[in-house]
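**Q** Pasting a structure here, questions to come.
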Amino acid sequence: MFSKWRKKKTDQLDSLAEEIAKESGESLLSDKKEEPSAKEGASWASRLTSGLSRTRNSWVSSIASVFGDGKLDEDKLEEFEDLLLQGDLGVEVTMELVDHLRQGWKDGKYKTVADIQESLKTKIQEELTLKISPLNLSESPFAVILMVGINGVGKTTTTAKITSLFQKLDKKCMLVACDTFRAGAVKQLETWGERLDVTVVKGKENEDPASVAFEGIKRAKQEKVDILIIDTAGRLHTQVNLMEEVKKISRVVEKALPGAPHETLMVIDSTTGQNAIEQAKVFNEALDLSGLVVTKLDGTAKGGVVVAIHRQLQIPIRFIGVGEQVNDLQNFNPEEFTEALFAI
Ligand SMILES: Nc1nc2c(ncn2[C@@H]2O[C@H](COP(=O)(O)OP(=O)(O)OP(=O)(O)O)[C@@H](O)[C@H]2O)c(=O)[nH]1
Ligand SMILES: [Mg+2]
């Protein structure tokens, strides 16, 4: 299966997006006993649109009330600037968007409020498209993804959701439970493993997480998996020992399989707002992150933080999450994101 995948030239994020999109809306768990609810059966586009509703209501919908008849003036621009800042887009991007509107206004580009909305949508989409890059998963004999992040951001849930996405592409996955300090953490991943029908490699209580990761690589070689996903314990970027611990996991993985981990993904909780950016900077210094996953966009009015994250960290956003269900995560697509954001 993986060899077929490797043969394809299209192991890029774009094609992954396309393939996953074809599958979206399909029930994930083949052995699921309950009937899917309306939300479970919903397409990704509608999940994303409804997930971003709080962000949309916080500032996107206000574009119409602020600019009313499509006419701009400095007072209105200032009002809009405040909304963008409250929406967590960050100072830099906010200033640029306001300047962009001011320029468009001087150039006589706006006749109606719809022109203003369209102009902002295009500008944000362009901004978000700058750092798109392919997922690096084409390595032989299998790909290793290391999941990291602070406590409770959604690492374990995201591990399961990503597994489900890859299963839809017929990839054989295996999971590793590296949080050996909390029995509940292992159990949580095991429960997902059962639901998704994938092997979960675990260690003994309090075992060095790096040795569990090593065992995971060994098992993945034996069982010829396509993708091994390593879930780790949550840790604050300021906890020096725990940061050393996750660096060790990464080093041991590299030793066990040169070139791995092929992706080190930091999961970021969007409700954390601008603090997430500082946290990610420290994780990036420690681990050289290859990508970010932004979760819980359904739980915040500050989904604009995606734009700030994109601008301030030189790290591609790989996936976004908009809910607790397994289908509530997809690869990040700037066009889809802005369409959903501006679905007013
Ligand atoms: N609303 C919402 N909830 C989410 C999302 N992603 C994860 N969650 C919830 O966030 C909570 C924490 O998720 P976990 O996956 O356990 O987080 P974690 O990072 O593994 O936590 P630790 O291992 O304790 O550090 C769970 O209740 C998840 O269901 C999301 O996109 N939206
Ligand atoms: Mg966890």
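**Q** Among the residues of segment 58-114, how many are under 30 Å from the mean Cα position of the chain (by Cα) and among the aromatic types (F, W, Y)?
**A** So the answer is 2.
**Q** Could you tell me which numbered condition V253 fails, if it satisfies all but one of (1) assigned to a helix (DSSP H, G or I); (2) closer than 28 Å to I63 by Cα; (3) away from ligand 1 (no atom under 14 Å from the Cβ); (4) not small (G, A, S)?
**A** (2)
**Q** Additional query: Among the residues of segment 284-335, what is the count of those that are crowded, with 21+ Cβ neighbours inside 10 Å and among the acidic types (D, E)?
**A** Summing the residues that are crowded, with 21+ Cβ neighbours inside 10 Å and among the acidic types (D, E) in segment 284-335 gives 2.
**Q** Among the residues of segment 218-250, count how many are without any contact (Cβ under 8 Å) to a residue 24 or more places away in the chain and either touching a Ser or Thr at 6+ places or on another chain (Cβ under 9 Å) or more than 13 Å from ligand 1 (Cβ to nearest atom) (or both).
**A** 4
**Q** Are any residues in segment 275-325 within 16 Å of ligand 2 (Cβ to nearest atom), more than 30 Å from V252 (Cβ to Cβ) and touching a Gly at 6+ places or on another chain (Cβ under 8 Å), and if so, which ones?
**A** Answer for segment 275-325, where residues must be within 16 Å of ligand 2 (Cβ to nearest atom), more than 30 Å from V252 (Cβ to Cβ) and touching a Gly at 6+ places or on another chain (Cβ under 8 Å): just K296.
**Q** Residues to consider are D208, D170; find the one that is on the phi > 0 side of the Ramachandran plot, touching a residue at least 24 places away in the same chain (Cβ under 8 Å) and in the same structural domain as G321 (by TED's automatic domain parsing).
**A** None of the others qualify; the one that does is D170.
**Q** Kindly list the number of the only condition in (1) surrounded by fewer than 19 Cβ atoms within 10 Å (Cβ to Cβ); (2) in a loop (DSSP other than H, G, I, E, B); (3) within 24 Å of the chain's Cα centre (by Cα); (4) of a type outside the set (S, T, N, Q) that fails for K187.
**A** Condition (2) is where K187 drops out.
**Q** Here's another thing I want to ask about it. Would you check which residues across segment 61-85 are at pLDDT below 90 and part of a helix (DSSP H, G or I) and list them?
**A** Across segment 61-85, the qualifying residues are S62, I63, A64, S65, V66, F67.
**Q** Could you check segment 279-328 and list, in sequence order, the residues that are of a type outside the set (D, E, K, R), assigned to a helix (DSSP H, G or I) and farther than 27 Å from S61 by Cα?
**A** Q279, A280, V282, F283, N284, A286, L287 - these are the residues of segment 279-328 that are of a type outside the set (D, E, K, R), assigned to a helix (DSSP H, G or I) and farther than 27 Å from S61 by Cα.
**Q** Starting from residues that are within 28 Å of K281 (Cβ to Cβ) and of a type in the set (S, T, Y), keep the ones in segment 139-162 and report whichever is nearest to the chain's Cα centre (by Cα).
**A** Restricting to residues being within 28 Å of K281 (Cβ to Cβ) and of a type in the set (S, T, Y), the top hit is T158.
**Q** If I filter segment 145-156 for residues that are surrounded by 14 or more Cβ atoms within 10 Å (Cβ to Cβ), free of Cβ contacts under 8 Å to residues at least 12 places away in the same chain and not in a loop (DSSP other than H, G, I, E, B), do I get at least one hit?
**A** No, segment 145-156 has no match at all.
**Q** Could you count how many residues in segment 161-184 are among the polar types (S, T, N, Q) and within 16 Å of ligand 2 (Cβ to nearest atom)?
**A** 2
**Q** Additional query: Taking segment 216-246, which residues are hydrophobic (A, V, I, L, M, F, W, C), more than 22 Å from the chain's Cα centre (by Cα), surrounded by 13 or more Cβ atoms within 10 Å (Cβ to Cβ) and closer than 21 Å to F181 by Cα?
**A** I217, L242
**Q** Could you tell me whether segment 76-86 includes any residue that is assigned by TED's automatic domain parsing to the domain that holds Q330 and more than 16 Å from ligand 2 (Cβ to nearest atom)?
**A** Scanning segment 76-86, I find no residue that is assigned by TED's automatic domain parsing to the domain that holds Q330 and more than 16 Å from ligand 2 (Cβ to nearest atom), so the answer is no.
**Q** All but one of (1) outside any helix (DSSP H, G or I); (2) touching a helix residue (DSSP H, G or I) at 6+ places or on another chain (Cβ under 7 Å) hold for S164; which doesn't?
**A** (1) is the only condition that S164 fails.
**Q** What pairs come out if I take residues in segment 254-273 that are surrounded by fewer than 20 Cβ atoms within 10 Å (Cβ to Cβ) and pair them with residues that are at pLDDT 95 or above and part of a helix (DSSP H, G or I) whose C-beta lies under 7 Å away, six or more apart or interchain?
**A** Taking only residues 6 or more apart or on different chains, the pairs are A256/F214; A256/I217.
**Q** Go through segment 156-186 and give me each residue that's polar (S, T, N, Q) and either more than 8 Å from ligand 1 (Cβ to nearest atom) or within 14 Å of T199 (Cα to Cα) (or both).
**A** Of everything in segment 156-186, those that are polar (S, T, N, Q) and either more than 8 Å from ligand 1 (Cβ to nearest atom) or within 14 Å of T199 (Cα to Cα) (or both) turn out to be T159, T163, S164, Q167, T180.
The values are calculated or read from the model by the stated rules, or taken from the named source; none is laboratory data. What you are looking at is a predicted structure, and each value in this text was computed from that prediction instead of being measured. Glycine also receives a Cβ, built like all others from the backbone with ideal geometry; neighbour counts cover every protein chain displayed.
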